[in-house]
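Visitor: Below you will find the structure I want to go over with you.
The values are calculated or read from the model by the stated rules, or taken from the named source; none is laboratory data. All of these numbers come straight from a predicted model, not from anything done at the bench. A quick note on method: Cβ atoms are made from the backbone with ideal geometry, for glycine too, and the neighbour counts reach across all protein chains shown.
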Amino acid sequence: MTTGQQIRGEREYRHVLNKATGEALTFRLSEGIFVPTHTSQLLIDVTLTALTGRGMLLDLGCGIGVCGLVLGKLGACGLPVHLSDVSAVATDLARENAERLDVPAVVRCGDLFAPWAGEQFDVIVDDVSGVCEEIACASSWFPEGVGCASGRDGAELVVRMLEQAPAHLKSGGTLIFPVLSLSNEVRILETAHRVFADLTLLAERTWFLPEELAQRTDILDPLQAAGFIQLEYKFGAWLWRTRLYRATTADSRTHE
């Protein structure tokens, strides 16, 4: 399992490939840029296990490029890797990180699939925001000035992504995406089942809700009551979860 962490006092993010040897990839960060989370780490590990071929891969919502560049560096997909994000600052950093790590990459800026009009991929790895906006704004996950635009139920971006993804997948193509219990899971999964031929749960992890959020009952209680989020109280703390799914189009092939 790989791990990652922001280097304290420095504008760098270190992704450890091998704990025993200390082998790691270092990524440039910038103030006000989204830092990869536990969900991002899980996405990398599960994708490494799920992919069996070297097809063309798109890292959608790439941020500074960690997911796509790690997969490319480890030979889990074909090269060049394709990366995109709505933030121009993030894509500039992703481009710089690709050059530093010597990973051939095509990097573009734009909303969801807008930069990839008419293009298709074997695999799409999605890490666009899937957290209720009120929670995102109250958390430390999103730096000041970094928008979320996921809507009150946290599903807006993910639903749009799911509806647009089939047009950008080759026949038998695979989409790997996270669903957080800090969003409207029912709405997201209903969309996925409607749009894709097959949907498989690949992994599930539970996390402790940060104390800064656990104290915000003024935000959490109404969202729970509306069915927009699902939290569990256990071990004297509030827990939330990430589930990773694989969605495939018809005529599934070995690049899954």
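Visitor: Which residue out of 172, 151, 118 is on the phi > 0 side of the Ramachandran plot and part of a strand (DSSP E or B)?
Guide: 172
Visitor: How many residues, within region 205-228, are in contact (Cβ under 8 Å) with a residue 24 or more places away in the chain, exposed (fewer than 14 other Cβ atoms within 10 Å of the Cβ) and either under 18 Å from residue 148 (Cα atoms) or of a type outside the set (A, V, I, L, M, F, W, C) (or both)?
Guide: Total satisfying the criteria: 3.
Visitor: Among the residues in region 105-124, are any charged (D, E, K, R) and either at pLDDT below 95 or surrounded by 20 or more Cβ atoms within 10 Å (Cβ to Cβ) (or both)?
Guide: Yes, some residue in region 105-124 is charged (D, E, K, R) and either at pLDDT below 95 or surrounded by 20 or more Cβ atoms within 10 Å (Cβ to Cβ) (or both).
Visitor: If we keep just the residues of region 125-151 that are among the aliphatic types (A, V, I, L, M) and at pLDDT 90 or above, which is farthest from residue 248 (Cα to Cα)?
Guide: Restricting to residues being among the aliphatic types (A, V, I, L, M) and at pLDDT 90 or above, the top hit is 135.
Visitor: Same structure again: Would you confirm, using the coordinates I've provided, whether residue 182 is crowded, with 19+ Cβ neighbours inside 10 Å and in a loop (DSSP other than H, G, I, E, B)?
Guide: When the stated conditions are applied, residue 182 passes them.
Visitor: Kindly establish whether residue 201 is modelled with pLDDT of 95 or more and exposed (fewer than 13 other Cβ atoms within 10 Å of the Cβ).
Guide: Criteria met by residue 201.
Visitor: Filter region 99-123 for residues that are farther than 13 Å from residue 58 by Cβ and within 18 Å of the chain's Cα centre (by Cα) and give the result.
Guide: Listed by number, the residues that qualify are 109, 111.
Visitor: In addition: Please verify whether residue 131 is touching a Cys at 6+ places or on another chain (Cβ under 7 Å) and assigned to a strand (DSSP E or B), treating the condition exactly as stated.
Guide: No; evaluated as a whole, the condition is false for this residue.
Visitor: Scan 66, 46, 131 and give me the residue that is buried (at least 17 other Cβ atoms within 10 Å of the Cβ), in contact with a Phe, Trp or Tyr (Cβ under 7 Å, 6 or more places away or on another chain) and closer than 30 Å to residue 214 by Cβ.
Guide: On inspection, the qualifying residue turns out to be 66.
Visitor: Any chance you could count how many residues in region 187-227 are within 23 Å of the chain's Cα centre (by Cα) and not in a helix (DSSP H, G or I)?
Guide: Summing the residues that are within 23 Å of the chain's Cα centre (by Cα) and not in a helix (DSSP H, G or I) in region 187-227 gives 16.
Visitor: What single numbered condition from (1) at pLDDT 90 or above; (2) surrounded by fewer than 18 Cβ atoms within 10 Å (Cβ to Cβ); (3) among the small types (Gly, Ala, Ser); (4) under 27 Å from residue 208 (Cβ atoms) fails to hold for residue 32?
Guide: Here residue 32 meets the rest and fails (1).
Visitor: Among the listed residues 21, 37, identify the single one that is on the phi < 0 side of the Ramachandran plot and touching a residue at least 40 places away in the same chain (Cβ under 8 Å).
Guide: 37
Visitor: Name, by its number, the condition in (1) touching a residue at least 40 places away in the same chain (Cβ under 8 Å); (2) under 22 Å from residue 171 (Cα atoms); (3) surrounded by fewer than 22 Cβ atoms within 10 Å (Cβ to Cβ) that does not hold for residue 101.
Guide: Condition (2) is where residue 101 drops out.
Visitor: Can you say whether residue 21 is hydroxyl-bearing (Ser, Thr, Tyr), assigned to a loop (DSSP other than H, G, I, E, B) and loosely packed, with under 14 Cβ neighbours inside 10 Å, as far as the supplied structure shows?
Guide: yes
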